[in-house]
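Working notes, beginning with the structure itself.
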Amino acid sequence: MSCAAQSRIHARIDASAIAHNLARLRSLLALHSAIVPRVWAVCKADAYGHGLALSLPGMAAADGLAVMDVASAAACRELGWRKPILLLGSPANMAELQDSGLSPLHVVIDDESQLDELARQGPGDLTLWLRFSGDLRHAGFSAHAYRRGFERATRLQQTGIVQQVGHLLHYARAEEPEYLRAERASFEALVAGLPGPRCTENSAALLSDPEYAGSTAWVRSGIALYGISPLAGITGEHLGLKPAMTLFADIHAIQQVPAGSPLGYGGAFVAEHDLRIALVHCGYADGYPRQPGPDACVLIAGQECAVVGRVSMDTVAIDVTAHPAAQRGTTVTLWGDAALPVERIAASAGTIAAQLCTGLTARVPRLRAHGPLPEAQTQ
Ligand SMILES: *Cc1c(COP(=O)(O)O)cnc(C)c1O
């Protein structure tokens, strides 16, 4: 399909890939436990940069959505989501949560002052998840304060102020099996003997060691739903996942660069021999990495072509010397193909795929990919 009629750069968002990835995670979980935990589809940061509205149809079969703030929860409700929503960010204002339009709402609790505020508000239908700060220590109760917080929360449940209270942990080192086991063990010790459901597993944890998820009520998956591997050295494709975002741009010019000539700002690249160079309007102002690494490439008609010279605000230069068919108007894939996963671009640029996807800027249109759409089933 020619994308020449589209804008100079665009990201295609494939909701059916998200639906596929969700089903894939569920079948992996089902292999390891009789009771498959429920799945929070994490769609914070505008669905990891994919765009909430384009992504939600692919999440229709999830049990709930997880977002950072109340405004995002309201956006999900406006898009027709009726199942539970989990607020991962610690809301400062608990009164906002009583809006019946947001219900059923679950909220992560990080501090006793949030419980105080709920107690003052009286009966409601929130479900609380107490967060153990763990080794991450970005938010939540310390091991020392956790049990006291849990007892307070349980009293709120007994008096009908909240519906249920569960235990939540977010790992600091889920990609490293040894540390993952240690983090799980300290959480186990913390909640031993306490009633209430548990929710600990993110994508990396449930993909690397799915068995533990069976002891939890809910898992929280973000990155894997978008088809991206969170595990170093393992691609999404290897995990049975499909990329939900593909970034395209069209060649807008071809330049002949004679041997010995510089190309790009700073003269950082000098042609060793005569080169035929294709230029696309995709730069760091779109979120493409400014230093994509020595082995960075794009795909043109399925062939890898090297990125050369410094990436500028608006332009990437590509060596098409060996690809005479590449010309003005030819579509280039920058990332998000099984043959060129965003994980690979991220690794060569010294970052992670989540940063590239969420860092795609507002000037890059997100467009719905063609192909069968999953059934809109949000109820
Ligand atoms: C972002 C986030 C997740 C999702 O993590 P992935 O690695 O993308 O699966 C889960 N839990 C919390 C608390 C988060 O902030």
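Numbers for the structure displayed
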| quantity | calculated |
| --- | --- |
| Highest average packing first - 353-359, 87-93, Cβ atoms within 10 Å | 353-359, 87-93 |
| Trypsin sites (Lys or Arg not before Pro) lying in DSSP loop within segment 100-205, provided at most 11 other Cβ fall within 10 Å | Arg137 |
| In segment 288-337, the trypsin sites (Lys or Arg not before Pro) that fall in loop regions by DSSP, at most 13 other Cβ within 10 Å | Arg290, Arg328 |
| Structure-based [θ]222 nm, the chain - -39500 (n - 2.57) summed over DSSP H runs of at least 4, per residue, nearest 500 | -7500 deg cm²/dmol |
| Those residues of segment 161-186 whose amide nitrogen sits under 14 Å from the label point placed on Ala232, 7 Å along Cα→Cβ | 173-180 |
| Per-pair calculated FRET efficiency, R0 = 25 Å: Asp295 and Asp274 via Cβ, rounded to 0.05 | 0.65 |
| DSSP-defined beta bridges in the chain - what % are antiparallel, rounded to 5 | 50 percent |
| Positive dipole terminus of segment 121-209, leading residue within Leu190, Gly149, Leu168 (C-beta point charges) | Gly149 |
| Residue order, fewest to most surrounding Cβ atoms within 10 angstrom, among Thr315, Thr235 | Thr235, Thr315 |
| Calculated FRET efficiency for the pair Ala92/Ala119, C-beta based, R₀ 22 Å, to 0.05 | 0.85 |
| Shape category assigned to the chain from the gyration tensor of Cα positions, a/c cut at 1.5 | prolate |
| Mean-position separation - Cα centroids, segment 148-166 and segment 10-31, in angstrom | 35 Å |
| Contour minus Cα-Cα distance for Ala143 and Ile35 (0.36 nm per residue) | 36.0 nm |
| Fewest-first ranking of Cys282, Cys297, using other Cβ atoms within 10 Å as the exposure measure | Cys297, Cys282 |
| Rg to Rh, two decimals, where segment 245-368 supplies the alpha carbon set and Rh follows Kirkwood | 0.94 |
| Axial C-alpha extent at least 20 Å, average Kyte-Doolittle at least 0.0 - helices from the chain (DSSP) | 15-32 |
| Estimated D of segment 32-227 in µm² per second, where Rh is the Kirkwood radius over Cα pairs and Stokes-Einstein applies at 25 °C, 0.890 mPa s | 145 µm²/s |
| Normalised contact order of the chain, rounded percent, pairs of Cα under 8 Å and 6 or more residues apart | 21 percent |
| DSSP-assigned coil residues among GluC sites (Glu not before Pro) in segment 243-344, each with at most 15 further Cβ atoms within 10 Å | Glu272 |
| Per-pair calculated FRET efficiency, R0 = 56 Å: Glu78 and Ser186 via Cβ, rounded to 0.05 | 0.90 |
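FYI, it's all coordinate maths here, none of it is from the lab. Everything numeric here is computed off the predicted structure, so don't read it as measured data. Backbone-built Cβ (ideal geometry, glycine too); neighbour counts: all protein chains shown.
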